[in-house]
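Here's the structure, in structure tokens; my notes come after.
The values are calculated or read from the model by the stated rules, or taken from the named source; none is laboratory data. Note that the structure is a prediction, hence the values are computed from the model and not measured. Cβ coordinates were reconstructed from backbone atoms using ideal geometry, including for glycine residues, and neighbour counts include every protein chain displayed. To get the accessible areas, we keep the full protein, side chains included, count just its heavy atoms, and leave off ligands, DNA and RNA. Shrake-Rupley method; radii C 1.70, N 1.55, O 1.52, S 1.80 Å.
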Amino acid sequence: VKKSDVVKLILKNKYLGTPLKQTGVAFAPTNIALCKYWGKRDNDLNLPVTSSLSIALGKKGAKVNFQVINETHDLITLNGEVLDVASAFAQRLVTFLNLFRLKQGPYFSIIIESNIPIAAGLASSACGFASVVLALNQVFGWNLTVTELSILARLGSGSACRSLWQGFVEWNAGQRADGMDSYGQPLNFNWPDFCIGLLVMSEKEKHLSSREAMLRTVNHSALYSAWPAKVTTDLVKLKTALSEKDFTLLGETSESNAMSMHATMLSAWPPISYALPETVMIMQKIWKLRSEGLPLYFTQDAGPNLKLLFLEAHLLQVKAEFSHIEIVKPFAHI
Ligand code: PMV
């Protein structure tokens, strides 16, 4: 099964490549996984080995503006800068857009505004591709369901299928070869005093993409075979934590899940580590604060930055300990 087959399955007889409208504007929040997606069962369709669970970051994400233009190529602007068509970012986006149009077009002016660092392990591709499919749905007038849009977003980047909702979202791995059962679903848990702290240690592009790192881990890590069972246990714990509002269980499970994911990478060959010295120092600081009684946990993705998890009751303490922290309250705007 190829990506183009999935696109045909979803669009059916809906027009491919014929814009209904001249413009499409959309926003999608980024999401942080509390139980990670790590490893693909299909590398082309971004089908995961396991299910995963995330929290969306409210107003943090990507806004896109699509405009049909009379050109033979796309014009992409990212945070005010026109991108070179040969850049990796532009190539990835154009390849994705080509799934939905014919050789003759349409081509677009695409203005992307992201309020998170690109490719620094803050899930910029997740909100990027989710906002792009939302905008395409408008331009082409597809009228797709949000589930269908989630499947299309997954074809751009796996974690993007979780970025179509606010709040907690579960991505069911599914079993089908065409991935029609592999998409995000919102979990109906509100947690108004839940806080996330972003600690950005580097806004530099990551040295190794999550795609490469996943492949190497699945193929060359002795510890990877233990990962699916770990996810199964952690998903049960996280859902219990959500339904019982048990923050300790949520924090412990999320941090342990992230550390286990990174352990599978450390045991790959060649080894993979996304941590900077500062990342490790801050982890140790968090462990110390926790031993002194502060209920503070972290998670880390394919980059050096840490995302802190805590409740509003401890906001001032957390701010006092970490001067450069950016606080997100995922449920504040809902
Ligand atoms: O969707 P991708 O290819 O950017 O992979 C995301 C991988 C992690 O961020 C490390 C985990 C996750 O579930 O988001």
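Quick check on region 38-57. Is at least one of its residues open to solvent by 10 Å² or more (accessible area, probe 1.4 Å), aliphatic (A, V, I, L, M) and away from the ligand (no atom under 13 Å from the Cβ)? No: zero hits. Among the candidates PRO330, PRO304, the residue that is closer than 25 Å to ASN188 by Cβ, part of a loop (DSSP other than H, G, I, E, B) and either within 16 Å of the ligand (Cβ to nearest atom) or free of Cβ contacts under 8 Å to residues at least 60 places away in the same chain (or both) is uniquely PRO330. Residues in region 186-201 that are free of Cβ contacts under 8 Å to residues at least 40 places away in the same chain and open to solvent by less than 80 Å² (accessible area, probe 1.4 Å): PRO186 only.
All conditions in (1) part of a helix (DSSP H, G or I); (2) modelled with pLDDT of 95 or more; (3) hydrophobic (A, V, I, L, M, F, W, C); (4) touching a Gly at 6+ places or on another chain (Cβ under 9 Å) hold for LEU152, with the sole exception of (4). Among the residues of region 286-301, just one is within 12 Å of the ligand (Cβ to nearest atom) and among the hydroxyl-bearing types (Ser, Thr, Tyr), namely THR299.
Scanning region 79-95 for residues that are of a type outside the set (Val, Ile, Thr) and assigned to a helix (DSSP H, G or I) turns up ALA88, PHE89, ALA90, GLN91, ARG92, LEU93.
From the list LEU223, LEU250, LEU208, LEU215, the lone residue that is within 20 Å of PHE189 (Cα to Cα) and in contact (Cβ under 8 Å) with a residue 40 or more places away in the chain is LEU250. Scan region 131-154 for residues that are more than 11 Å from the ligand (Cβ to nearest atom), under 28 Å from LYS239 (Cβ atoms) and open to solvent by less than 10 Å² (accessible area, probe 1.4 Å) and the total you get is 6. Based on what the data block shows, is PRO29 within 12 Å of the chain's Cα centre (by Cα) and not hydrophobic (A, V, I, L, M, F, W, C)? So PRO29 passes the test. If the condition is being within 14 Å of the ligand (Cβ to nearest atom) and not polar (S, T, N, Q), then region 164-178 contributes LEU164, PHE168, VAL169, GLU170, TRP171, ALA173. Against the numbered list (1) buried (at least 16 other Cβ atoms within 10 Å of the Cβ); (2) in a helix (DSSP H, G or I); (3) at pLDDT 95 or above, ASN98 comes up short only at (1). Checked against (1) of a type outside the set (Phe, Trp, Tyr); (2) within 16 Å of the ligand (Cβ to nearest atom); (3) open to solvent by less than 60 Å² (accessible area, probe 1.4 Å), GLY24 meets all criteria but (2). Going by the structure shown, is ILE116 open to solvent by less than 30 Å² (accessible area, probe 1.4 Å), in contact (Cβ under 8 Å) with a residue 40 or more places away in the chain and part of a loop (DSSP other than H, G, I, E, B)? In short, yes. Of all residues in region 161-180, those that are closer than 24 Å to LYS60 by Cα and open to solvent by 10 Å² or more (accessible area, probe 1.4 Å) have Cβ atoms under 7 Å from Cβ atoms of residues that are more than 14 Å from the ligand (Cβ to nearest atom) and hydrophobic (A, V, I, L, M, F, W, C), 6 or more apart or on another chain, in LEU164/VAL146; LEU164/LEU149; GLN166/ILE334; GLU170/LEU187.
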